[in-house]
1. Residue pairs, Cβ under 7 Å, 6 or more apart or interchain, first in the stretch 142-166 and closer than 15 Å to Arg352 by Cβ and assigned by TED's automatic domain parsing to the domain that holds Ala187, second in a loop (DSSP other than H, G, I, E, B) and among the hydroxyl-bearing types (Ser, Thr, Tyr). List them.
2. Checking the condition over 30 Å from Val254 (Cα atoms) and not assigned by TED's automatic domain parsing to the domain that holds Ala234, which residue from Ala426, Ala361, Ala390 passes?
3. Considering every residue within the stretch 137-156, establish whether at least one is in contact with a Cys (Cβ under 7 Å, 6 or more places away or on another chain) and among the hydroxyl-bearing types (Ser, Thr, Tyr).
4. Is there a residue in the stretch 334-342 that is assigned by TED's automatic domain parsing to the domain that holds Glu286, over 24 Å from the mean Cα position of the chain (by Cα) and outside any loop (DSSP other than H, G, I, E, B)?
5. Quick test for you: out of Ala216, Ala270, Ala252, pick the one residue that is within 23 Å of Thr184 (Cα to Cα), surrounded by fewer than 24 Cβ atoms within 10 Å (Cβ to Cβ) and of a type in the set (A, V, I, L, M, F, W, C).
6. Just one of the numbered conditions (1) surrounded by fewer than 21 Cβ atoms within 10 Å (Cβ to Cβ); (2) in contact with a Cys (Cβ under 8 Å, 6 or more places away or on another chain); (3) not charged (D, E, K, R) is not true of Gly176; which one?
7. Can you give me the number of residues within the stretch 283-319 that are touching a helix residue (DSSP H, G or I) at 6+ places or on another chain (Cβ under 8 Å) and charged (D, E, K, R)?
8. Checking Arg305 against (1) closer than 23 Å to Pro291 by Cβ; (2) under 21 Å from the mean Cα position of the chain (by Cα); (3) not in a loop (DSSP other than H, G, I, E, B): exactly one of these is not met. Which one?
Amino acid sequence: MRRCSWMVLLLTCAACATEVVTSLPPAPADADAGLDAAAPPEDAASDTGDIDAASDTSDIDAELPDAAPPDAASPDADLPDADLPDAAPAEDRPARYDGESLRSPVSRAVVERMEAIRAAGPAQDDLVFMKVGASGTVSPHLLTCFGGAAPYRIALEGRDALEDTIAFFRMGDAAGTTPFERQTEAAEVGRTARWAITGSPSPLERELEALRPRFAVINYGTNDMNQGSTFGSALPGFYESMASLLDQVEGAGVIPILTGLNPREAEEEASRWVPVYNAVTWGLAEQRQVPWINLFQATVDLPERGLLSDGLHGNVYREGGVAQPCVFDAEGLRYNYNVRNLLTLEALDDARRTVLEGAEAPDDPGPALQGAGTAADPWVIDRLPFTHSADTATAPLASAWGGYPSCDRGQDESGPEAVYRLEVAAPQGVRFIVLDRGAVDIDMHLLRGAASPEACVSRHDRQVQRRLEAGVWYVVLDTFASGGVPRAGGYLLAVVPCEADDPECLEP
């Protein structure tokens with residue numbers, strides 16, 4: 001890990017962090033045309049059939065086979081603080097992430113979680129990060145420009161403190177090059193999270209072995225959306241694959257920096273589902289208390305939503321036809337990769353300073369979640385979008401309701417349940433998603449007006465989407481019992497508002 005030597009080198013290299021070296025030939029004006037404009041190929045590792053079977057809209061859980069457990073724009077615009085409550089930054093409670101901030105908070109709990117992951121991998125190289133993803137990660141526009149070679153230039157525009165982090169990672173040996181410039185084996189055009197962990201060794205394992213990195217910049221979701229018969233049916237497979245990928249990365253002592261999805265304009269229905277998949281990446285990161293970059297929120301209001309003409313891949317700022325993704329002036333930050341590179345560098349900077357150098361956590365954990373998850377004291381869905389993770393096998397949750405008379409399909413819901421409360425001020429289309437793993441089976445029930453099983457108006461094993469009238473609603477996540485044995489365990493709840501014209505959310 002070279003803990004002694006890199007501090008000396010960093011001091012000598014910091015002043016040259018933005019130096020331009022003329023060893024790379026200029027990129028043509030359409031350098032990304034063959035990569036970014038191409039339609040992603042079908043994922044060779046797709047498990048569409050399995051995903052669809054597990055996400056059947058029949059709602060009859062009793063007919064499902066028992067699942068096997070899985071194998072084990074201004075310098076500070078990205079972190080607005082105006083809405084945070086007055087609270088001591090040193091609070092120990094887990095940080096809450098939200099869909100408005102461009103990066104997740106770096107609170108004390110997040111720093112402690114990153115430190116724990118680091119402790120699990122003493123042989124990893126602190127100077128190295130790896131890249132994991134699909135076409136957006138394969139693209140030379142992602143981070144390569146920080147390596148210092150021509151034709152790229154770096155314009156930090158007042159963010160001079162980031163020079164230390166650029167210099168730091170330039171010292172890293174990523175199999176003969178810098179981590180910025182490394183052509184990773186864990187990214188390929190058109191691929192999914194499942195591809196990254198498939199094979200022996202898998203692409204992820206090959207890159208971990210080649211680099212022994214301390215950090216991993218990870219981005220999946222866009223291609224994963226197409227791995228089912230519908231965007232909704234592909235979601236459980238994406239969650240399982242991403243969770244397994246993160247398990248492997250963290251188990252190796254590598255700190256993940258998870259990046260959400262780009263907007264999409266190529267398909268109207270797909271564009272409606274991007275916020276849902278984005279919320280799942282955020283929920284996964286929040287669940288694990290690791291850094292998350294809200295790429296969707298950061299780029300959705302850019303000109304053309306920060307996309308190329310294909311409505312799918314990110315665009316980049318150019319000077320004289322040459323891509324300049326490390327220019328962070330007002331004009332540069334009108335483009336996708338420039339914004340993405342800045343946010344990623346800032347995330348790496350926070351991680352380096354807090355985990356490697358022992359700096360204090362810079363952020364508050366955000367407002368505490370209200371409630372206890374019981375019918376008498378439900379957890380409060382206090383904003384939309386909303387995510388929360390819990391475990392139905394642990395207290396204070398209890399087994400109180402075995403069935404829901406108006407929603408029954410013959411299923412046994414005698415396992416413990418978690419209860420949430422949502423108050424809607426005006427009619428609103430909402431999509432509710434619950435995701436679990438392996439043998440765990442958590443079902444969703446939507447109740448109107450009362451925390452009582454008799455108030456159930458809709459149920460599903462994965463998702464409910466509908467138009468909610470103004471008033472109080474309850475979401476009950478109940479544990480399905482198979483052969484009288486509750487399949488309790490951990491889950492992720494995501495609640496995402498629908499667009500006004502989303503046909504799936506218009507039914508009252």
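The values are calculated or read from the model by the stated rules, or taken from the named source; none is laboratory data. Quick caveat, the model's predicted, so the values are computed rather than measured. Virtual Cβ from ideal backbone geometry, glycine too; neighbours counted across all protein chains shown.
1. Partner pairs satisfying both residue conditions: Glu163/Thr18.
2. Details: Ala361 fails: over 30 Å from Val254 (Cα atoms); Ala390 fails: over 30 Å from Val254 (Cα atoms).
After ruling out the rest, the residue left standing is Ala426.
3. yes
4. Taking the stretch 334-342 first, the residues assigned by TED's automatic domain parsing to the domain that holds Glu286 are 334-342.
After this cut, where a residue has to be over 24 Å from the mean Cα position of the chain (by Cα) as well, the list is none.
No - not one qualifying residue is present in the stretch 334-342.
5. Working: Ala216 fails: surrounded by fewer than 24 Cβ atoms within 10 Å (Cβ to Cβ); Ala270 fails: within 23 Å of Thr184 (Cα to Cα).
When all the criteria are applied, what remains is Ala252.
6. Here Gly176 meets the rest and fails (2).
7. Adding up the residues that qualify gives 3.
8. (1)
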